[in-house]
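Reading through the structure tokens given below for one structure.
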Amino acid sequence: QVQLVESGGGLVQPGGSLNLTCVASGFTLEALTIGWFRQAPGKDREGVSCISSKGGSIYYADSVKGRFSIARDNAKNTVYLQMNNLKPEDTAVYYCSASHCYSDSNYWPYGSWGQGTQVTVSS
């Protein structure tokens, strides 16, 4: 079973930044494509960003393109999501998961879901 743990969320003002971390527990991320997803109250989960196993393919949702940046460090078994210029509509619980990623708008997670990390953007 693929088990990932998210952290790094918090409360930030509009225009601020956060860096989310996704770390594997008990296995290596080296061979896995990892996607970041988010879910706001009353809404479906949506894909945010995705990065292939070696970092050669990267995808971003249109809503975050130019503001968010995904990266990975396989030696540290970790994937990051740097979020800049945050907006209130970015408020959601953020999750990472092993995924199949085909385009900026087509991500398909298949791994286990953890608790996620809460991101709240408010003045």
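The values are calculated or read from the model by the stated rules, or taken from the named source; none is laboratory data. No experiment lies behind these values; they were computed from the predicted model shown. Here the Cβ is made from the backbone with ideal geometry for all residues, glycine too, and neighbour counts use every protein chain on show. These area figures cover heavy atoms from the full protein model, side chains too; ligands, DNA and RNA do not enter into them. Shrake-Rupley method; radii C 1.70, N 1.55, O 1.52, S 1.80 Å.
The table that follows gives values for the structure above.
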{"read-out": "Reachable aspartates and glutamates, given that their alpha-carbon falls under 20 Å from the alpha-carbon of Lys65 and they are not under 8 places away in the same chain", "value": "Asp44, Glu46, Glu89, Asp90, Asp104"}
{"read-out": "Dipole moment magnitude, nearest 20 debye, segment 17-123 about Cα centre, only Lys, Arg, Asp, Glu C-beta charged", "value": "120"}
{"read-out": "Of the chymotrypsin sites (Phe, Trp or Tyr not before Pro) in segment 17-74, those whose Cβ has at most 15 other Cβ within 10 Å and which sit in DSSP loop", "value": "Phe27"}
{"read-out": "D (Stokes-Einstein, µm²/s), Kirkwood Cα radius, the chain, 1.567 mPa s at 4 °C", "value": "92"}
{"read-out": "Set of lysines with alpha-carbon distance to Lys76 below 23 Å, sequence-local pairs under 8 removed", "value": "Lys54"}
{"read-out": "Order by protection proxy (mean Cβ within 10 Å, highest first), peptides 7-15, 71-79", "value": "71-79, 7-15"}
{"read-out": "Rel. contact order, % - alpha carbon contacts under 8 angstrom, at least six apart, the chain", "value": "36"}
{"read-out": "Calculated from backbone phi, Karplus (6.51, -1.76, 1.60) coupling profile of segment 78-85 in Hz, x at Gly/Pro", "value": "9, 10, 10, 10, 7, 10, 10, 6"}
{"read-out": "Average accessible area per residue (Å²) across the chain - probe 1.4 Å, nucleic acids and ligands excluded", "value": "51"}
{"read-out": "Length gained when the stretch Ala40-Gln13 is fully extended (0.36 nm per residue, less Cα-Cα span)", "value": "8.0 nm"}
{"read-out": "Inter-label distance for Asn106 and Lys65, nm, one decimal - labels placed 7 Å from Cα along Cα-to-Cβ", "value": "1.5"}
